[in-house]
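The values are calculated or read from the model by the stated rules, or taken from the named source; none is laboratory data. These numbers were taken from a predicted model, which means no experiment stands behind them. Neighbour counts are summed over all protein chains in view; Cβ atoms, including those assigned to glycine, are modelled from backbone coordinates with ideal geometry.
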Amino acid sequence: MTLTKTLLIISTVGFLAACEEGATPMAGGGASSGGIDAALVPGSLAGKLEVASASGNTVTYGYYTDVVGEGDVISASDTYCGAGSFTVLNIEGTGLVRGEKNGRGYNTMTFVCS
């Protein structure tokens, strides 16, 4: 019984640590290592995103909600996509994920231009 309880505690701690750590999903389900690709960021979001990365034709923005609002991020993604195109939230690659990171609201938006 003691071994079972010990294993349960260890697995619970590991699960909770993984939940805290992995707040930035990317297309395909992998976690982002962070970083900004400046070519993906329209001027209106410069310095406000925590993550701006691309994988194929999928772009991911990660941001704290107390720094930039969801509407601003969606507008910026439309700007990135350019005239004659528009943002499509990539549901298969997680779309818009609302969460928390370091005790603050943190969202990740994954989209493709169409």
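Comparison of Thr110, Thr6, Thr24, Thr58 shows that the only residue that is crowded, with 18+ Cβ neighbours inside 10 Å and either among the charged types (D, E, K, R) or modelled with pLDDT under 85 (or both) is Thr24. Restricting attention to the range 35-51, does a residue exist that is surrounded by fewer than 16 Cβ atoms within 10 Å (Cβ to Cβ), in a strand (DSSP E or B) and out of contact with any Pro (no Cβ under 6 Å at 6 or more places or on another chain)? Yes, that holds for at least one residue. When residues in the range 82-103 are screened for being touching a Ser or Thr at 6+ places or on another chain (Cβ under 7 Å) and at pLDDT 90 or above, 1 of them pass.
Name every residue in the range 87-107 that is in a loop (DSSP other than H, G, I, E, B) and surrounded by 13 or more Cβ atoms within 10 Å (Cβ to Cβ), in order of residue number.
Looking only at the range 87-107, we keep the residues that are in a loop (DSSP other than H, G, I, E, B), and these are 90, 94-95, 102-103.
Asn90, Thr94, Gly95, listed by residue number.
Among residues of the range 67-86 being in a loop (DSSP other than H, G, I, E, B) and farther than 21 Å from Gly35 by Cβ, the one that is nearest to the chain's Cα centre (by Cα) is Gly69. Pairs meeting the criteria (first residue in the range 70-82 and without any contact (Cβ under 8 Å) to a residue 60 or more places away in the chain, second residue in a helix (DSSP H, G or I) and surrounded by 16 or more Cβ atoms within 10 Å (Cβ to Cβ), beta carbons under 8 Å, at least 6 apart or on different chains) are Asp72/Leu45; Val73/Leu45; Ala76/Leu45; Tyr80/Leu40.
Looking only at the range 43-54, how many residues end up being at pLDDT 90 or above and under 15 Å from Cys81 (Cα atoms)?
4
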